[in-house]
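The values are calculated or read from the model by the stated rules, or taken from the named source; none is laboratory data. Here the structure is a predicted model, which is why all the values come from computation and not from measurement. All Cβ positions, glycine included, derive from the backbone under ideal geometry; neighbour counts span all protein chains shown. Protein only, heavy atoms only, side chains kept; ligands, DNA and RNA dropped before computing areas. Shrake-Rupley method; radii C 1.70, N 1.55, O 1.52, S 1.80 Å.
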Amino acid sequence: MSARYTAAIIGGGDIGHAHAEGYALNPEVEIRAVVDPVEAARRQFQQEYGIPEAYATAEELFAAGCPDLVSICTWHPLHAPLTIAAAEAGARAVICEKPMATSLGEVDEMVAACERAGTTLLVSHQRRFTPGWERARELVAAGAIGDVQVGHARGVMGLLNVGTHLIDALLFILGEPAARWVMGAVERDTDRYERNTPIEDRCMLVVELEGGAQLFVQNDMPSARGMLSPVGAGMALRIEGSDGMLEASEYFVRTFTADSKGWRLDFASDDVDTIGGRANGRQVRELIRALEGGPEHRCSARRARPTTEIMMAAYESARRHRVIHLPMEEASYPLGAAIAEGSLVPSVPGPYDIRGYLRREGIDEARYAELRATGMTHHEIMAALAGVRGRK
């Protein structure tokens, strides 16, 4: 089959590789270009995937002609401006990495720009395509545990990082109910950043949904340790209903009901791609169907916006010390505003970025090439070269 769509990937890091793998599984798509300011990164990316064009900036890409599909795989602060630029350049669709943005104002600017241009905007919540999440959603919809009362989620590595997936997981599995209010608490004892964005050390939040069910999300809390998925997803999900409980990850689902005689395994597999491969491939396939007249994509901006709003409302609740009723009015990044106002002063000096080791500048490129040839991922290589052993 000849390609009907061209694509470009902006950001040649680890998640850019995942998008490339997703496109590669769809013969209708040809990756035309990669964009990265680091020459070694874009050249290696170009060679690895046989991409004909490589650019240092998005401006250069768009000046040469905008492709049909644009993946935004940069760090968080660039999601909004690059999405808007792609829409204005004429992209038919944009797949923006999570988090959608770091403020609700940016989210709405992205949506407005894409609506003006007729651009389909997705947020890469690709775990919605994993079989564990899909099976959990089916069971909840079928009433396997009765009426949902509480959805619990635990994760690590920041609310904007894994926390995005926690909230999205609960909303997806529960059938995407609307949220009514959010109450959140954060601790920022260290000067912690993630991909150039100030984040918290720990947080937890409660969300009330239409109908009265609640979500309880913990991120980086001590209780999360040892209660995560045994196969390394970095998160744990439990949903309590009037007639039973359900636990899920991308890899398994089990239920506990009056008839199950203990926990019953409803799905299990250790062969599930959560990043790249099948998940991103299915995400692209559903996008093609949507562009050709199919139903709304499960990762559409309309469906992704509530996750960002809940995160921003949790930060705003911690900033204001009150429940935040939705829709939320604050358009800026509430955690950043709280830091600027002096209400979150770290007791441990020294800023650090928990993803800083992913920067490509100044690494041993020869050693990088050797490790890549062994099959290691970009993330694994960068962690090895930086000697990363984990940090709070």
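Annotations
- Element breakdown for region 6-47 at a 1.4 angstrom probe: carbon and sulfur atoms account for 51% of the accessible area.
- Distance in nm between pseudo-label sites at ASP364 and MET376 (7 Å out along the Cβ direction from Cα): 1.0
- Label positions at LEU25 and ALA340, each projected 7 Å from the Cα along the C-beta direction, are separated by 4.1 nm.
- The residues of the chain expose on average 41 square angstrom of accessible surface per residue, using a 1.4 Å probe on protein heavy atoms.
- Here the peptides 246-255, 133-142 are ranked by packing, the mean other Cβ count within 10 Å, and the order with the highest first is 246-255, 133-142.
- Selection from MET110, TYR193, ALA41, by position along the positive dipole direction of the chain (Cβ): TYR193
- Packing-based ranking, highest mean first, of 359-366, 2-9 given that Cβ atoms within 10 Å are counted: 2-9, 359-366
- When peptides 73-86, 31-44, 321-334 are sorted by average Cβ neighbour count within 10 Å, with the highest value leading, the order is 73-86, 31-44, 321-334.
- Derived scalar couplings between HN and Hα for region 301-309 equal 4, 4, 7, 8, 4, x, 4, 5, 4 Hz in order, rounded to whole Hz, by the Karplus curve 6.51 cos²θ - 1.76 cosθ + 1.60 (θ = phi - 60°), x for Gly and Pro.
- Assigned charges on the beta-carbon of Lys, Arg, Asp, Glu; the chain dipole about Cα centre (debye): 580
- Size of region 184-340: Rg and Dmax of its alpha carbons, in Å, are 18.6, 54.
- Per-atom-type breakdown for region 214-373 gives carbon and sulfur 52% of the accessible area (1.4 Å probe, protein chains only).
- Estimated [θ] at 222 nm from DSSP helical runs (n ≥ 4, -39500 (n - 2.57)) normalised by residues in the chain, nearest 500: -10500 deg cm²/dmol
- Surface/4 estimate of mean projected area, convex hull on alpha-carbon atoms of the chain, nm²: 19.6
- Distance from the C-alpha centroid of region 22-92 to that of region 318-392: 23 Å, rounded to the whole angstrom.
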